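Colleague: Okay, here's the structure, questions in a sec.
Nothing in this text is a laboratory measurement; each read-out follows from the coordinates by a stated rule. Because the structure is a prediction, the values reported are computed rather than measured. Every residue, glycine among them, receives a Cβ derived from its backbone with ideal geometry; neighbour counts consider all protein chains shown.
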Amino acid sequence: MNRIKTKYLGLELNSPVILSSSGLTSTLQRIKDAEMAGAGAVVLKSIFEEQIMNEVAHVDSYSDYPEAADYVRTYVQENSLGLYLKLIEDAKQQCSIPIIASINCRGIGEWVDYARVIEAAGADALELNIFLLPTDKETSSDEIERNYLNIIERVKEAISIPLSVKLGAGFTNPLAIVREIYYRNVKGVVLFNRFYPTDIDIEKMAVKAGDIFSHPSELSNALRWTALVNGSLPLIDVAVSTGVHSGADAVKALLAGASAVEIASAAYENGLQVIGEMNTFICDWMKRHEFQTLRDVTGRMNAKNIADPMLYERTQFMKYYSNHE
Ligand SMILES: Cc1cc2nc3c(=O)[nH]c(=O)nc-3n(C[C@H](O)[C@H](O)[C@H](O)COP(=O)(O)O)c2cc1C
């Protein structure tokens, strides 16, 4: 299936279908299974800033890279950072697909230096999942975005492997934040992270978890923003996350401007064979429409390449309601 090879973050992928950061990418066996199933790459289950910092507290001091890598490895072998580094090393030794590490963070801290150690362990790229729920009414959006950019700048200084940033869907102006991220030489953005959902049990009157897995209808928002981002900032890669459940969904994401899709819910619900099914669908669709390479597909329907970009900009239902009573 040469036809579905793609480039994402400068990495060569045999398929644009990436297994997203989740429990499905948390062990060596699961990563091997993903490779066997046809995944183009995996994003490892995130290591959390808090996990890194807990362990740093147990290490008196550490010197600069590369010695820091050995030091940390020796002292924290049995804990999560040590295990995370080992997972990266083992995956790099035993798999040939790109291994994208993931850090879940909220602010700047010493943890940033550990991005170096993750690079030294052999990760092909790093995905930063930045999010702090803004519960303080006095914090402005500007301050929050500044925090994002500060983190990105510090991590960029620390590593030389490609960096991508996984964003939530809640920005006032997603294009503006992606533009700022792009100006900091970040290779890609993941649109969008899906947060742990909240629901209310009305009989017990208790807060509970909502649906852990996404629904295909959730793809729509990422499609719109991918089309707009790729239309105006074509040099930053986009991976679509949230709502990709089928090969057809993946094709939509690619047409909108994604270089890759990151899937979790579909693989949890249907097993890893869904990856192979998506690959086959994308390949057959490309043959049917006479596309030789994914380069010709990505962005073909972004907001710049379609005749009426307003189709992506339409937000209100006025006309719909006047036609449907
Ligand atoms: C059980 C589970 C665990 C997840 N863990 C992480 C994580 O550690 N880091 C992260 O960035 N995203 C995590 N995610 C989010 C997924 O990577 C993905 O962005 C989200 O589920 C939307 O994609 P989907 O519609 O294909 O499920 C997790 C999702 C699920 C369902």
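Colleague: Each label point is 7 Å from the Cα along the Cα-to-Cβ direction; what then is the distance between the points at Y183 and S80, in nm?
Modeller: 3.4
Colleague: Viscosity 0.692 mPa s, temperature 37 °C: what is the translational diffusion coefficient of the stretch 164-272 from Stokes-Einstein with a Kirkwood Rh over Cα pairs, rounded to a whole number of µm²/s?
Modeller: Rounded to a whole number, D works out at 224 µm²/s.
Colleague: Determine Rg/Rh for the stretch 89-204; Rg is computed over alpha-carbon atoms and Rh is the Kirkwood hydrodynamic estimate from the same atoms.
Modeller: We get a ratio of 1.03 for the stretch 89-204.
Colleague: Using a 10 Å cut-off around each Cβ, can you sort T315, T242, T27, T226 from fewest to most neighbouring Cβ atoms?
Modeller: Placing the least packed residue first, the sequence is T315, T27, T242, T226.
Colleague: Could you tally the net charge around G170, taking each other residue with its Cβ under 12 Å from the Cβ of G170, Lys/Arg +1 and Asp/Glu -1?
Modeller: Neighbour charge sum, excluding G170 itself: 0.
Colleague: To continue, here is another question. What Rg and what Dmax come out for the stretch 2-323 when only alpha-carbon atoms are used, in angstroms?
Modeller: Cα-based Rg and Dmax for the stretch 2-323 come out at 20.0, 69 Å.
Colleague: Residue by residue through the stretch 159-166, what is 3J(HN,Hα) from phi via Karplus (6.51 cos²θ - 1.76 cosθ + 1.60, θ = phi - 60°)? Round to whole Hz and write x for glycine and proline.
Modeller: 10, 10, 6, x, 10, 10, 10, 8
Colleague: While we're looking at this one, here's another question. Can you give the convex hull volume of the alpha carbon atoms of the stretch 219-293 per residue, in Å³?
Modeller: 81
Colleague: Given R₀ = 41 Å, FRET efficiency for H215-E153 by Cβ-Cβ distance, to 0.05?
Modeller: 0.70
Colleague: In the neighborhood of G23, defined by Cβ-to-Cβ distances under 11 Å, what is the net charge if each Lys or Arg adds +1 and each Asp or Glu adds -1?
Modeller: +2
Colleague: Within the chain, what is the longest stretch that has no trypsin sites (Lys or Arg not before Pro) placed in a DSSP loop and near at most 16 other beta-carbon atoms within 10 Å?
Modeller: Value returned for the longest uninterrupted segment is 6-105.
Colleague: Going through the stretch 236-325, which chymotrypsin sites (Phe, Trp or Tyr not before Pro) have at most 15 other Cβ atoms within 10 Å and a DSSP loop state?
Modeller: F317
Colleague: In addition: Note down the nm distance, to one decimal, between modelled labels 7 Å out along Cα→Cβ at Y268 and at D296.
Modeller: 3.8
Colleague: Could you work out the relative contact order of the stretch 2-323? I mean the mean sequence separation of Cα pairs under 8 Å and 6+ apart, divided by the number of residues, in percent.
Modeller: Dividing the mean separation by the residue count of the stretch 2-323 yields 18 percent.
Colleague: Tell me, in nm to one decimal, what length is gained between K137 and K208 on full extension, where the rule is 0.36 nm per residue of separation less the Cα-Cα distance?
Modeller: Between K137 and K208, full extension yields an extra 23.1 nm.
Colleague: What does the helix-only formula give at 222 nm for the chain: each DSSP H stretch with n ≥ 4 adding -39500 (n - 2.57), the total divided by the residues, and the result rounded to the nearest 500 deg cm²/dmol?
Modeller: Value at 222 nm, helices only, nearest 500: -12500 deg cm²/dmol.
Colleague: Rounded to whole Å and sorted largest first, list the principal axis extents of the Cα atoms in the stretch 216-263.
Modeller: Its Cα atoms span 26, 16, 14 Å along the three principal axes.
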